[in-house]
1. When you check SER598 against the structure, is it part of a helix (DSSP H, G or I), more than 15 Å from ligand 2 (Cβ to nearest atom) and modelled with pLDDT of 95 or more, yes or no?
2. What number goes with the only condition from (1) open to solvent by 70 Å² or more (accessible area, probe 1.4 Å); (2) in contact with a helix residue (DSSP H, G or I) (Cβ under 9 Å, 6 or more places away or on another chain) that GLU572 does not pass?
3. Starting from residues that are buried (at least 20 other Cβ atoms within 10 Å of the Cβ) and among the β-branched types (Val, Ile, Thr), keep the ones in the stretch 549-560 and report whichever is nearest to ligand 1 (Cβ to nearest atom).
4. For residues that are in a loop (DSSP other than H, G, I, E, B) and open to solvent by 70 Å² or more (accessible area, probe 1.4 Å), scanning just the stretch 254-293, find the one that is modelled with the lowest pLDDT.
5. If you scan the stretch 283-342, which residues turn out to be hydroxyl-bearing (Ser, Thr, Tyr), under 20 Å from ILE408 (Cβ atoms) and in contact (Cβ under 8 Å) with a residue 40 or more places away in the chain?
6. From the set of residues in the stretch 611-620 that are farther than 14 Å from THR578 by Cα and either within 15 Å of ligand 2 (Cβ to nearest atom) or without any contact (Cβ under 8 Å) to a residue 40 or more places away in the chain (or both), which is most open to solvent (accessible area, probe 1.4 Å)?
7. Taking into account only those residues within the stretch 508-524 that are among the acidic types (Asp, Glu) and within 15 Å of ligand 2 (Cβ to nearest atom), which is surrounded by the fewest Cβ atoms within 10 Å (Cβ to Cβ)?
8. For the stretch 55-74, how many residues are open to solvent by less than 20 Å² (accessible area, probe 1.4 Å) and touching a residue at least 60 places away in the same chain (Cβ under 8 Å)?
Amino acid sequence: MQTGTVCAHMTDKDGKMIAPDIRDIIKNRNLVANFQQIVSVSRKLVIGVEGLIRGIDVQTNEIIPPLKLFDAAQRENLTLELDRACRDTVIEAFSKVYESNREKLLFLNLDASVLQSSVGSDYLLHQVRQFRVNPGNIVIEISEKKVEGNAALKKFADAYRRYGFMVALDDVGSESSNIDRILLVKPDIIKIDISLVKNIQNDFYKQGVFKSLVNMSNRIGALVIAEGTETEEEAIQILRLGGHMIQGFFFSEPKQFFDKKTAFTNDKIDMLGKRFNEYMNLLFIEERNRNKRLYAVANHAVKSLVNTESWAFDDMLRGIISKNEAMECAYILDSNGIQVSDTICSADKAGCQENLIFYSARVGTDHSMEKYYYPLVSARAKKHVTQPYISLATGSLCITISTSYINIENKSFILCIDFKSYNAVNDIELKSPMPTYGEGIKPDIISIINRMNEAMIKDSLTDAFNRRYIEERLLADVFHATNDEHPISIILADIDRFKSVNDHYGHLAGDEVLKEFVRISKLYVRKNTDWIARYGGDEFLIVLVNADERVAGMVAEKIRSAVEKTALRYEESDICFTASFGTYTVQSKKMTCDQLLSQADKNLYTAKKEGRNKTVGMRH
Ligand code: GH3
Ligand code: MG
C-alpha cells in the first residue's frame, strides 16, 4: 500500500498530537478516496487504479493519513468497521467511472487483521454487488507485512477467488516477506515493495532479488507490479528485469477524483516505451563493444600462452595481469575443468579477499560446473563471456571471459580472466577494426534491411517469432477477435525436462530439439492466420485465430503426439523428447493478453504437475 505524501498536523494548543475522533469519522463517513494509476507499459495502457483512503477532520478540514486512522481504530477496537467504511468509500467512488471503463481494475486494500472475520461474512462481496461492480474487476490487496497466519490468508484468498475476485500480495520484498507464503497463496498479483524499487538501477543486489521474484511469479502465473516507482531510471530497470506493471509517482500521484476520460489515460506511457527501447539498444551495443574488447584482451593473452609449457603458466599469467589494469585475476583450467595454475590476482590485490566464503581457487579446484567452463565444453564454443556475477574470489561484481586454446605440448587448456567491472572494461582500448565489406562486394541494401526487419521479430535459433512480436501481434489478434466476436485460442507449450536433454547431449543438441519442436508444430497450424513464437527458453506460444477450445485441444494433442513419436538424430544418438501444453480460449468475453497468457500458463503448469507429456485446456 502506498500512503502518498499527505501529512496531518492535528495538534492541540500546546502542540501535542490529538487522536482523530474515529467513531465520528466512521459514522459520518468523513473519508475521501484517492486513486493512483497502475500502468502496463508493454500494453501501453493504464490497467487500473489502487484506491487509497484519507480521513477528513471536519473541524480543521485537515487530511488524516490512513496509518493514523487505523491506529486510532485499533485503539477503539473498530478496525473492522473502519476497514469496511474505507472500502465503501473507495468502491463507491470507483463505481462512478466504472460504467464507462468496464475493463479496468480496482485495487482494494484489505487490512490483514480483519481477514479472519472477512472469510465467513462475505461482506466485501455484498459491498461490490451493492455498487454494481463485477468482482472480476476487483483485486484485493493483502499486505504481506500484517498477515499473521498462513491458514487464514489461504482460506480468505481461496474463498474470494471462487467469487471471481483477484488476490494480490502487497509489500512483497519488505523486511518481513515470506516466499513460502507466496507459493501457498498463489496470488494473481504480487506487488513489490518500494524498498526494493528505490534506486534499483544502482543496486545489483536489488536487481537480483527483483528478477528472482519476477521469475517465480512467472512460474506460478502471477503478475508483478513494482510499487513506489518514482523515476524514469527505476521504471526502465523494472521493465528490463521483466516487471509487468508499474505504479508510483513517476506515472501519477494519487488523485482525489478523476473524471471518466482522464481516469485511465497517461501521457508518459508512450514516452517511457520509447526511452526503454533506446536504453535497450544502447545496452546491446555497449555489451557487444564490451565483449569485443574482452575478446581482444583474451586473444592477446592466449598468444603468449600457446607457446608456454604448463609448468610456466603462473609466471606467464603474472606478466599478463601486470600489464592489464582491468583484470582482477586469471587462472587456467585443463579440458576437464580442473584448475592447473594458481589464481593470479592483480598486483594491488585490492579485490582478492580471503575468508571462508570468498577465496580464490587453487590448483586442483574443479570448475566443471561453472558458467565460464560449461559452455566451452557443452556447446564447444571457443570463447565465452559471462553476465556480471559476484565472484567467489573477490566477493565483488565481475565478468569472466574464458577462451580455449592448445599449447606447445599439444594439450587443451582454458584461460579464464575475471574483469573488475563495467567501467574498467569499457576503458580498454578497442584495437580490432570494425568489419568492412571486401573489395568488389556490393552490399544489397534492400536485402540487408529485409534481413534486419526479419531479425527484429524472429528468434534466430528456431525461426519462430520472438517476444517482441508476441507483444505487438497478440494484442492485435485479441483485439480483432473480441471486436469481431470470434474465438481466439492460445497454446503455451514447454519441452519436458529440457535441462536433462542439455545435460545428456550438450547445448547444441538442445538447440536442435528446440528447432525440431518448431518444425513439427508448424505442420499442424494454418500458415496464414496462425503463428508460433518463442516465449522464453524452451517455452513456445502458438496462437490459433478463429479457433475454439475444441480445435485448440486437438491441435495441441496433434503436436504433442507427433513430438512424442519423433526420434531426433543428433551425431550418434536418437534423441526422444516430449512437451506439455496448456491451452486457453477466449470467446465472447473481453480479456487482456496478460490474462490470456496467464490462464494458458496455469493450464501448462497443471499439465506439468500431472505428469508432463500432456495437454490441459479449460476445465469448467
Ligand atoms: P520442465 O519439464 O519442468 O519444463 O523441466 P525443464 O528441465 O524443461 O525446465 P525448464 O523449462 O525450467 O528449463 C528450461 C531450460 O532450457 C533451462 C535452460 O538451460 C535451457 N535453455 C534455455 N534456452 C536455451 C537455448 O537456447 N538452447 C538450449 N540448448 N537450452 C536452452
Ligand atoms: Mg521445460
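The values are calculated or read from the model by the stated rules, or taken from the named source; none is laboratory data. Small disclaimer: the values here were computed from a predicted structure and weren't measured. Note: ideal-geometry Cβ built from the backbone for every residue, glycine included; neighbour counts use all protein chains shown. Heavy atoms of the whole protein, side chains included, go into the accessibility calculation; ligands, DNA and RNA do not. Shrake-Rupley method; radii C 1.70, N 1.55, O 1.52, S 1.80 Å.
1. On the way: part of a helix (DSSP H, G or I): yes; more than 15 Å from ligand 2 (Cβ to nearest atom): yes; modelled with pLDDT of 95 or more: no.
Judged against the criteria, SER598 is not a match.
2. It fails just one condition, (2).
3. Restricting to residues being buried (at least 20 other Cβ atoms within 10 Å of the Cβ) and among the β-branched types (Val, Ile, Thr), the top hit is ILE559.
4. Within the stretch 254-293, the first condition is being in a loop (DSSP other than H, G, I, E, B), and the residues that meet it are 254, 256-267.
Those left that are additionally open to solvent by 70 Å² or more (accessible area, probe 1.4 Å): 256-257, 259-262, 265, 267.
On the way: GLN256: 75, PHE257: 67, ASP259: 71, LYS260: 71, LYS261: 73, THR262: 79, THR265: 85, ASP267: 88.
If we take residues in the stretch 254-293 being in a loop (DSSP other than H, G, I, E, B) and open to solvent by 70 Å² or more (accessible area, probe 1.4 Å), then PHE257 is modelled with the lowest pLDDT.
5. Of everything in the stretch 283-342, those that are hydroxyl-bearing (Ser, Thr, Tyr), under 20 Å from ILE408 (Cβ atoms) and in contact (Cβ under 8 Å) with a residue 40 or more places away in the chain turn out to be THR308, SER310, TYR331, SER335.
6. Out of the qualifying residues, it is HIS620.
7. So the first thing to find is which residues in the stretch 508-524 are among the acidic types (Asp, Glu), and the list is 511-512, 516.
Within this subset, residues satisfying the condition of being within 15 Å of ligand 2 (Cβ to nearest atom) are 511, 516.
Details: ASP511: 16, GLU516: 18.
Applying the filter and picking the extreme gives ASP511.
8. Looking only at that region, the number is 1.
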